Amino acid sequence: MMAARLPDATLVCRLPSVRGRYIENVDLSGSTWFRAGGSADVVFRPADTADLAAFLTACPGDVPRTVLGLGSNLLIRDGGVRGVIIRLDKSFSGIEVDGTTVTAGAGALDVNLARVCRDAGLVGFEFLRGIPGTVGGGLRMNAGAYGRAIRDVLVWAEAVDGAGTLRRVAVDELDLSYRHCGAPEDWIFTAAGFQGELGDRADISIRMQDIRQARKASQPVNTRTGGSTFKNPDGDNPNSSKAWELIDQAGCRGLVRGGAKVSELHCNFLINTGGATAADLEALGEEVRRRVQAHSGVMLQWEIRRIGEHAPDRAPELILTEVAP
Ligand SMILES: Cc1cc2nc3c(=O)[nH]c(=O)nc-3n(C[C@H](O)[C@H](O)[C@H](O)COP(=O)(O)OP(=O)(O)OC[C@H]3O[C@@H](n4cnc5c(N)ncnc54)[C@H](O)[C@@H]3O)c2cc1C
């Protein structure tokens with residue numbers, strides 16, 4: 001029986017007045033692709049960028065703040081997340097095209113950005129068709145696929161820092177590399193500007209359909225997963241070993257822990273097959289890392305971000321021994 005964490009009922013009283021919404025004691029398990037994890041004391045949905053900036057300016061310094069996108073690269077631990085979870089709503093999801101330049105809110109879906117660019121006949125955004133997150137999450141992760149990444153089309157990004165100051169920076173200032181963004185962790189991206197090239201709409205459409213088909217054939221896309229669990233050890237170097245190869249060679253394909261499983265289809269994906277706890281998923285991931293290191297000497301690094309607290313009786317180190325087979 002998992003011990004429940006009591007929400008901080010006094011927190012919302014200490015938060016500044018906002019035009020957006022505060023929602024207390026929110027179950028976050030439905031907010032991630034894994035469909036696992038605990039709850040948030042408070043979720044804040046800012047009305048717009050100015051509201052977000054005012055909140056960050058006035059929020060007491062001891063209150064932790066965490067921004068969530070679509071939760072497609074996140075494992076929220078079973079004990080939940082303290083402080084305020086920030087979610088960017090509809091007012092952050094606009095996408096506008098002007099010639100070959102595109103402006104998108106950080107809450108816009110990557111797939112919608114790809115579709116809008118296709119409709120405008122702009123080449124270069126097709127890879128986003130297969131990435132099930134938001135523009136903001138894509139900036140933080142420098143999301144990429146098929147040899148392209150956000151940094152290849154990005155021109156500028158706008159963010160509000162932890163003190164509430166609005167910043168606009170050029171792509172070079174973000175230090176984007178393979179699944180890495182050098183912007184300070186307290187920056188919350190609010191919008192981004194991109195540059196495309198004019199191309200043939202039908203060709204773009206075909207490339208996007210090909211990406212969709214390739215994904216369906218090679219990844220468990222319609223399951224509860226967090227995408228690639230671990231980074232490739234040598235980044236996007238096409239000539240080096242991939243994380244999935246090392247995992248496969250270490251015999252981890254299909255490995256199970258409770259309701260968590262290493263995907264048979266793509267063994268760098270962990271799956272929640274039903275009632276997996278976040279601790280099941282994290283412990284299975286740690287077991288995969290241990291076995292890969294024992295087999296190949298490589299210590300894989302998590303690509304999935306793990307946030308929040310362990311439930312007291314479900315810390316992964318307590319249950320590592322339960323992994324089967
Ligand atoms: C089936 C599947 C396939 C996937 N395929 C790919 C792939 O091909 N390539 C790839 O790169 N990734 C892939 N992913 C992982 C994931 O989709 C990307 O990392 C995506 O960019 C995460 O976006 P998100 O909005 O879901 O972010 P979240 O998962 O919600 O958050 C990820 C991180 O970004 C931060 N963040 C979110 N929004 C903001 C913001 N506005 N400002 C600052 N920080 C923010 C969060 O705090 C967190 O640290 C896949 C995931 C799944 C489930």
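Readers should treat all values here as calculations from the given coordinates under stated rules, not as data from a laboratory. Keep in mind the model is a prediction, meaning the values are calculated, not measured. Every residue, glycine as well, gets a Cβ built from its backbone with ideal geometry; the counts of neighbours run over all protein chains shown.
What to note about this one:
- Here's how it looks for D313: its modeled amide H is under 5 Å from those of A3, which are all 5 or more places away or on a different chain.
- With eigenvalues of the C-alpha gyration tensor scaled by 5 and rooted, the range 220-322, Å: 22, 15, 13
- Working from Cα pairs under 8 Å separated by at least six residues, relative contact order for the chain is 18 percent.
- Aspartates and glutamates with Cα under 15 Å of K90, excluding same-chain neighbours fewer than 8 positions away: D48, D51, D110
- Kirkwood Rh, Cα atoms: Rg over Rh of the range 11-90: 0.96
- At R0 = 22 Å, FRET efficiency that the Cβ-Cβ distance of V298 and L265 yields, to 0.05: 0.50
- Placing +1 on each Lys and Arg Cβ and -1 on each Asp and Glu Cβ, with no other charges, gives the chain a dipole about its Cα centre of roughly 620 debye.
- Rounded to the nearest 0.05, the FRET efficiency derived from the C-beta distance between K90 and L166 at R0 = 22 Å is 0.65.
- V84 long-range amide H proximity, modeled H, under 5 Å: R65, T66
- Counted charge near Q213, where neighbours are those whose Cβ lies closer than 14 Å (Asp, Glu -1; Lys, Arg +1): +3
- Note that the range 188-201 has calculated 3J(HN,Hα) couplings of 10, 5, 10, 7, 8, x, 10, 10, x, 10, 5, x, 8, 4 Hz, one per residue in order, obtained from phi through the Karplus relation 6.51 cos²θ - 1.76 cosθ + 1.60 (θ = phi - 60°); glycine and proline are x.
- Karplus-derived 3J(HN,Hα), 6.51/-1.76/1.60, for each residue of the range 139-145, Hz, glycine and proline x: 5, 5, 9, 6, 4, x, 6
- Converting phi to 3J(HN,Hα) with the Karplus coefficients 6.51, -1.76 and 1.60 and the offset θ = phi - 60°, the range 224-238 yields 7, 9, x, x, 4, 6, 10, 6, 5, x, 10, x, 9, 5, x Hz in sequence order, with x at every glycine or proline.
- Computed from the Cα positions only, the extents of the range 92-204 along the three principal axes stand at 45, 26, 23 Å, in decreasing order.
- Within a straight-line Cα-Cα reach of under 22 Å, K261 can be paired with the following lysines, leaving aside sequence neighbours fewer than 8 residues apart in one chain: K216, K231, K242.
- Once the Cβ-Cβ distance of E24 and D98 is raised to the sixth power relative to R0 = 56 Å, the FRET efficiency obtained is 0.85.
- Inter-label distance for R212 and S241, nm, one decimal - labels placed 7 Å from Cα along Cα-to-Cβ: 3.7 nm
- Value of Rg/Rh across the chain [Cα atoms, Kirkwood radius]: 0.97
- A47-Q195 pseudo-label distance in nm [points 7 Å out on the Cα-to-Cβ vector]: 3.7 nm
- Taking amide H as placed 1.01 Å from N in the peptide plane, R306 has its amide H under 5 Å from the amide H of L75, each at least 5 places away in sequence or on another chain.
- Base-10 log of normalised Debye intensity for the range 187-262 (one unit scatterer per alpha-carbon) at q = 0.17, 0.22, 0.25 Å⁻¹: -1.02, -1.14, -1.19
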